[in-house]
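J.: The structure that follows is given in the form of structure tokens.
The values are calculated or read from the model by the stated rules, or taken from the named source; none is laboratory data. Keep in mind that what you see is a predicted model, and the values were worked out from it rather than measured. Here the Cβ positions follow ideal geometry from the backbone for every residue, glycine too, while neighbour counts run over all protein chains shown. SASA here: full protein model, heavy atoms, side chains in, ligands and nucleic acids out. Shrake-Rupley method; radii C 1.70, N 1.55, O 1.52, S 1.80 Å.
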Protein chains: 2
Amino acid sequence: MPTATPITATADELGAVRYDANGLVAAIVQEQGTGEVLMLGWMNTEALSRTLETGRTWFWSRSRQDYWCKGETSGDRQWVRDARYDCDMDALLFVVEQEGRGACHTGERSCFFRSFGSGVEPGPV
Amino acid sequence: MPTATPITATADELGAVRYDANGLVAAIVQEQGTGEVLMLGWMNTEALSRTLETGRTWFWSRSRQDYWCKGETSGDRQWVRDARYDCDMDALLFVVEQEGRGACHTGERSCFFRSFGSGVEPGPV
């Protein structure tokens, strides 16, 4: 099993993150090594704190209005290796070691497995 | 100069994109070849259409409430090579050929050039 590596952020760093009107910030998840973009989730202050403290990705589900820890049920866990923020502090990027099948609930490794113009109909999955 | 390669999306694809309450969808930009995540921007239906039709990235600026085409002023243009959407159609990923210095207005290649816990103070840039 991969090892968790908690990250100690400074109060200045945490205080500088800019959340939207709903208290959320977009969090991109990228796979270490391959560089593949796996998914995009949403974090509030608590989800970000949990992510940094546990070394696992925690998100806020807008549909379920609840926290979720990626892979807690499926086993497809994400182990955070680097936590970055962008130049204007309103987007986050987590570089992770992806455990199991991948990030997508469909069984695909990345949630971004379809392209515009590919001819594949974008039905619900 | 890189060549634009417009993408013809189907009406089903375009119609399936889910925008938030403000009519926006998060758009990740990743560099072709290196796999580096360069930035995250926001698109509405018009910005997405312009992006696919011109083969250059167009965004909606939430602060300026206006469209902007990446690199139009700076020359740091992004040429779209693949336009993907995620499993629940509420996040986009553009794989681009990045021209010029890079994506960030600070001069860094990627907007995500700082990490939590790095000890670098996140002042305004």
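J.: Identify the single condition in (1) more than 8 Å from chain A (Cβ to nearest Cβ); (2) open to solvent by 30 Å² or more (accessible area, probe 1.4 Å); (3) of a type outside the set (S, T, N, Q); (4) closer than 20 Å to B:Gly55 by Cα that B:Asp82 does not satisfy, given that it satisfies every other one.
T.: Here B:Asp82 meets the rest and fails (1).
J.: While we're looking at this one, here's another question. What are the residues in segment B:47-73 that are polar (S, T, N, Q), open to solvent by less than 70 Å² (accessible area, probe 1.4 Å) and not in a helix (DSSP H, G or I), if any?
T.: B:Thr57, B:Ser61
J.: State all residues of segment B:51-100 that are over 12 Å from B:Ala4 (Cβ atoms) and of a type in the set (Lys, Arg); if no residue qualifies, say none.
T.: Within segment B:51-100, B:Arg62, B:Arg64, B:Lys70, B:Arg84 meet the criteria.
J.: Output the residues belonging to segment A:44-66 that are within 12 Å of chain B (Cβ to nearest Cβ) and touching a Ser or Thr at 6+ places or on another chain (Cβ under 7 Å).
T.: Passing the criteria: A:Thr51, A:Gly55.
J.: From the list A:Ala83, A:Ala103, which one is assigned to a strand (DSSP E or B) and under 30 Å from B:Arg62 (Cβ atoms)?
T.: Going through A:Ala83, A:Ala103 in turn, the sole match is A:Ala83.
J.: Which ones in segment B:3-46 are open to solvent by less than 30 Å² (accessible area, probe 1.4 Å), touching a Gly at 6+ places or on another chain (Cβ under 9 Å) and part of a loop (DSSP other than H, G, I, E, B)?
T.: Within segment B:3-46, B:Ala9, B:Gly35, B:Asn44 meet the criteria.
J.: On to the next question. On the given criteria, is A:Leu93 touching a strand residue (DSSP E or B) at 6+ places or on another chain (Cβ under 9 Å) and assigned to a helix (DSSP H, G or I)?
T.: Taking the combined requirement at face value, the residue does not satisfy it.
J.: On to the next question. For segment A:91-125, give me each residue that is open to solvent by less than 30 Å² (accessible area, probe 1.4 Å) and more than 7 Å from every other protein chain (Cβ to nearest Cβ).
T.: Listed by number, the residues that qualify are A:Leu92, A:Phe94, A:Val95, A:Val96, A:Gln98, A:Gly102, A:Ala103, A:Ser110.
A quick yes/no check of all residues on (1) without any contact (Cβ under 8 Å) to a residue 40 or more places away in the chain; (2) over 26 Å from A:Ser118 (Cβ atoms):
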site	(1), (2)
B:Ala27	no, no
B:Thr34	yes, no
B:Ser49	yes, no
B:Thr54	no, no
B:Gln78	no, no
B:Tyr85	no, no
B:Ala91	no, no
B:Arg101	yes, yes
B:Ser115	yes, yes
